[in-house]
Amino acid sequence: MAEPPRRESPIFVRTYDWLRWILPLTLQFPKSQRFLLAQRLQEKSLRFYDHLVAAGRRVEVAENLQAADVLLEQIRLNVRLCRDLELLKPRQYEHAVRLLDEIGRLLGGWLAKQKG
């Protein structure tokens, strides 16, 4: 199994873990939701990672971190909607929340460091 790209911050590893978990899971959504919620969740998750990579490469760091923060909130809302529509089982939702909370704490630390 391939390892995630090595970066200076654990946020890259945890986000890669998120992608490896959520992308195959959304492919199992019912066909009626695969083209709406699954696609949105996949797209937002991948864009979130793209913004982290850009910030890690010191490209418009503040702007990319702010965009990542907004996307993370949107991802959380989409995950909650998936739970409410019973597209995620309770244990899957708990796992998603734990991963997203950890990623959020790491992103918050990076944002604070950037502002300070």
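The values are calculated or read from the model by the stated rules, or taken from the named source; none is laboratory data. Note that the coordinates shown come from a computational prediction; the quantities given were computed from them, not determined experimentally. We place every Cβ from the backbone using ideal geometry, glycine too, and count neighbours over all the protein chains shown.
Go through the stretch 1-13 and give me each residue that's at pLDDT 95 or above, surrounded by fewer than 18 Cβ atoms within 10 Å (Cβ to Cβ) and in contact with a helix residue (DSSP H, G or I) (Cβ under 8 Å, 6 or more places away or on another chain). Residue satisfying the conditions is Pro10 alone.
Between a residue in the stretch 40-59 that is closer than 19 Å to Val79 by Cα and any residue that is among the polar types (S, T, N, Q), which pairs come within a Cβ distance under 7 Å, given they are 6 or more apart or on different chains? Final answer for the pair search is Arg40/Asn78; Leu41/Thr26; Leu41/Asn78; Gln42/Thr26; Lys44/Gln74; Lys44/Asn78; Phe48/Thr15; Tyr49/Thr15.
Can you name the residue in the stretch 48-104 that is closer than 24 Å to Gln33 by Cα and basic (Lys, Arg) and, of all such residues, is nearest to the chain's Cα centre (by Cα)? Step by step, filter the stretch 48-104, then rank; the result is Arg76. Within the stretch 43-94, being part of a helix (DSSP H, G or I), surrounded by fewer than 20 Cβ atoms within 10 Å (Cβ to Cβ) and among the β-branched types (Val, Ile, Thr) holds for Val53, Val61, Val70.
Here Trp110, Trp21 are screened, and the one residue that is aromatic (Phe, Trp, Tyr) and either touching a Cys at 6+ places or on another chain (Cβ under 6 Å) or under 16 Å from Ser9 (Cα atoms) (or both) is Trp110. Residue count for the stretch 29-53, restricted to those that are at pLDDT 95 or above and out of contact with any helix residue (DSSP H, G or I) (no Cβ under 9 Å at 6 or more places or on another chain): 1.
A count restricted to the stretch 89-116 and to residues that are closer than 17 Å to Leu23 by Cα and touching a residue at least 40 places away in the same chain (Cβ under 8 Å) stands at 6.
Count of the stretch 26-37 residues, restricted to those that are part of a helix (DSSP H, G or I) and in contact (Cβ under 8 Å) with a residue 40 or more places away in the chain, is 2.
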